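Working notes, structure below.
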Amino acid sequence: MNALEGLKVLELGQLIAGPFAGKTLAEFGADVIKVEPAGVGDPLRKWRLLREGTSVWWEVQSRNKRSVCLDLRSAEGQAAVRALAAEADVLIENFKPGTLEGWGLGWEQLHALNPRLIMLRISGYGQTGPYRDKPGFGVLGESMGGLRYLSGEPGRVPVRVGVSLGDTLAALHGVIGVLTALHHRTAHGGEGQFIDVALYESVFNVMESLLPEYDAFGVVRERAGSALPGIAPTNAYRCSDGHYVLVAGNGDSIFRRLMGAIGRTDLARDPQLAHNDGRVQRVEEIDAAIEAWTLGRSRDEVLALLDAAGVPVGRIYTVADIAADPQYLARQMIVEAETADGERLKVPGVVPKLSATPGRIAHPAPRLGEHNDDLSGAGWPRRRHEDCKVGA
């Protein structure tokens, strides 16, 4: 049995944040019904690279889900959602705040219909506050949360992280909220509740000591390229073949091993460099010593020597490196799945790894409206299956 088998999830969101939360729950056995507009479906079906007219991203984001087409702007579609919500454990949505209320599908209405319902609401700025009604995307959440300002090289324009990190961070915070609310409902006899997740807050939550450093010292952390300010040494270092290696020698004993491996026992024995606060004061000297050593060796030589010395070191991975890496393969993080059209496709495996009830890819991402007729025998909702075809 899967860990979340029997959990009924209704997904109303589009694109990334809401659907990523639904994907995560579905991978551990939840029955996720994804509601899409007829004719076009979730816009993610057409994002980035397409194969046979469908995004390969879609194949990852929507695996294990069922697709039902409803027009949420119509009275019939809204009635169908209410019938689904009446039987659901969890409803996921990432519309602009107030949208569902305008359709008669807000928290108060659905909670009255199903007091056990847990409603995950993901938005750019949250359901309250002066920015509530502003449209919000992941890139804006990353910026407002503090990540964008820190990304890039000193003195240059802040750059975007290459994936929609703000959306996925919000989704994962949402999943934490859902599982917490489910535990409360089960263990403490509680009713359902709604979970208010803002993209910018999800990013801000992982910004470590950014705020207390500003409050205590007036320090505004700046872009530092490949280094990690205040932690030394950790950086990217050039090798003789033009490649870079990442070296994290910031633990006290690791630093001594690193200096021994590069022939700088003088630095290993220097009492001022015994701990991180002293090393930070001389980080440029330490970085120069490391790179002077790496520049005399190829990347593979550096990796082998530092691995042998027990120093954390790694290459900068491309997706080609990932697809061929034995660690990824050994942990089933590169798996081959079959799409709905019968094609084979390499996709990421399931995270996290549970020992007794691991997640799995049970079935491929659905065709648009593929499951309009399936609900009649699924046990939820308890209504005429003709209603499932509203808006199809």
### Task
Mind listing whichever residues of region 94-147 are among the β-branched types (Val, Ile, Thr) and in contact with a Leu (Cβ under 9 Å, 6 or more places away or on another chain)?
Thr99, Ile118, Ile122
#### Entry: Near pairs, Cβ below 8 angstrom, 6+ apart or cross-chain, from region 172-191 (over 22 Å from Phe204 (Cα atoms)) to any residue that is of a type in the set (Lys, Arg)
Arg185/Arg116; Glu191/Arg116; Glu191/Arg185
### Task
For Arg256, work out the one condition from (1) closer than 30 Å to Arg148 by Cβ; (2) in contact with a helix residue (DSSP H, G or I) (Cβ under 7 Å, 6 or more places away or on another chain); (3) open to solvent by 70 Å² or more (accessible area, probe 1.4 Å) it doesn't fulfil.
(1)
### Query
Out of the residues in region 161-198 that are out of contact with any helix residue (DSSP H, G or I) (no Cβ under 6 Å at 6 or more places or on another chain), open to solvent by 60 Å² or more (accessible area, probe 1.4 Å) and in a loop (DSSP other than H, G, I, E, B), which is farthest from Asn114 (Cα to Cα)?
Gly162
### Task
Being among the aliphatic types (A, V, I, L, M) and either part of a helix (DSSP H, G or I) or buried (at least 16 other Cβ atoms within 10 Å of the Cβ) (or both) is the filter here, so list the residues in region 259-285 that pass it.
Met259, Ala261, Ile262, Leu267, Ala268, Leu273, Val280, Val283
### Message
For the condition surrounded by 19 or more Cβ atoms within 10 Å (Cβ to Cβ), at pLDDT 95 or above and either assigned to a loop (DSSP other than H, G, I, E, B) or small (Gly, Ala, Ser) (or both), what is the one hit in Ala232, Ala288?
### Response
Ala232
#### Entry: Top-ranked residue in region 139-150 [being small (Gly, Ala, Ser) and within 20 Å of Gln127 (Cβ to Cβ); ranked as surrounded by the fewest Cβ atoms within 10 Å (Cβ to Cβ)]
Gly145
## Note on the structure
If we keep only residues of region 207-224 that are surrounded by 14 or more Cβ atoms within 10 Å (Cβ to Cβ) and touching a residue at least 40 places away in the same chain (Cβ under 8 Å), then the residue farthest from Gly129 (Cα to Cα) is Ala224
### Task
Kindly establish whether Thr357 is among the hydroxyl-bearing types (Ser, Thr, Tyr), at pLDDT 95 or above and more than 22 Å from Phe28 (Cβ to Cβ).
no
### Query
Counting only residues that are in contact (Cβ under 8 Å) with a residue 60 or more places away in the chain and assigned to a loop (DSSP other than H, G, I, E, B), which one in region 52-73 is most open to solvent (accessible area, probe 1.4 Å)?
Glu52
#### Entry: Yes/no for Gly104 being open to solvent by less than 30 Å² (accessible area, probe 1.4 Å), part of a loop (DSSP other than H, G, I, E, B) and either of a type outside the set (Asp, Glu) or in contact with a Gly (Cβ under 7 Å, 6 or more places away or on another chain) (or both)
yes
### Message
Being part of a loop (DSSP other than H, G, I, E, B), among the charged types (D, E, K, R) and touching a strand residue (DSSP E or B) at 6+ places or on another chain (Cβ under 7 Å) is the requirement here; does Arg48 meet it?
### Response
yes
### Task
Looking only at region 291-326, count how many residues are assigned to a loop (DSSP other than H, G, I, E, B) and either of a type outside the set (S, T, N, Q) or surrounded by fewer than 12 Cβ atoms within 10 Å (Cβ to Cβ) (or both).
11
### Query
In region 135-160, how many residues are assigned to a loop (DSSP other than H, G, I, E, B), of a type outside the set (Gly, Ala, Ser) and over 18 Å from Gly18 (Cβ atoms)?
7
### Per-region count, region 1-26, residues under 19 Å from Trp107 (Cα atoms) and surrounded by fewer than 23 Cβ atoms within 10 Å (Cβ to Cβ)
2
#### Entry: Matching entry among Glu153, Glu201 (being open to solvent by 90 Å² or more (accessible area, probe 1.4 Å) and either in contact (Cβ under 8 Å) with a residue 40 or more places away in the chain or touching a Lys or Arg at 6+ places or on another chain (Cβ under 8 Å) (or both))
Glu153
### Query
Failed condition for Gly29, given (1) surrounded by fewer than 22 Cβ atoms within 10 Å (Cβ to Cβ); (2) part of a helix (DSSP H, G or I); (3) not aliphatic (A, V, I, L, M), with all others met?
(2)
### Message
Would you confirm, using the coordinates I've provided, whether Ala83 is open to solvent by 10 Å² or more (accessible area, probe 1.4 Å), at pLDDT below 95, over 26 Å from His173 (Cα atoms) and out of contact with any Phe, Trp or Tyr (no Cβ under 8 Å at 6 or more places or on another chain)?
### Response
yes
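The values are calculated or read from the model by the stated rules, or taken from the named source; none is laboratory data. Keep in mind that what you see is a predicted model, and the values were worked out from it rather than measured. For neighbour counting, all protein chains shown are included, and Cβ atoms are generated from backbone atoms with ideal geometry for every residue, glycine included. Heavy atoms of the whole protein, side chains included, go into the accessibility calculation; ligands, DNA and RNA do not. Shrake-Rupley method; radii C 1.70, N 1.55, O 1.52, S 1.80 Å.
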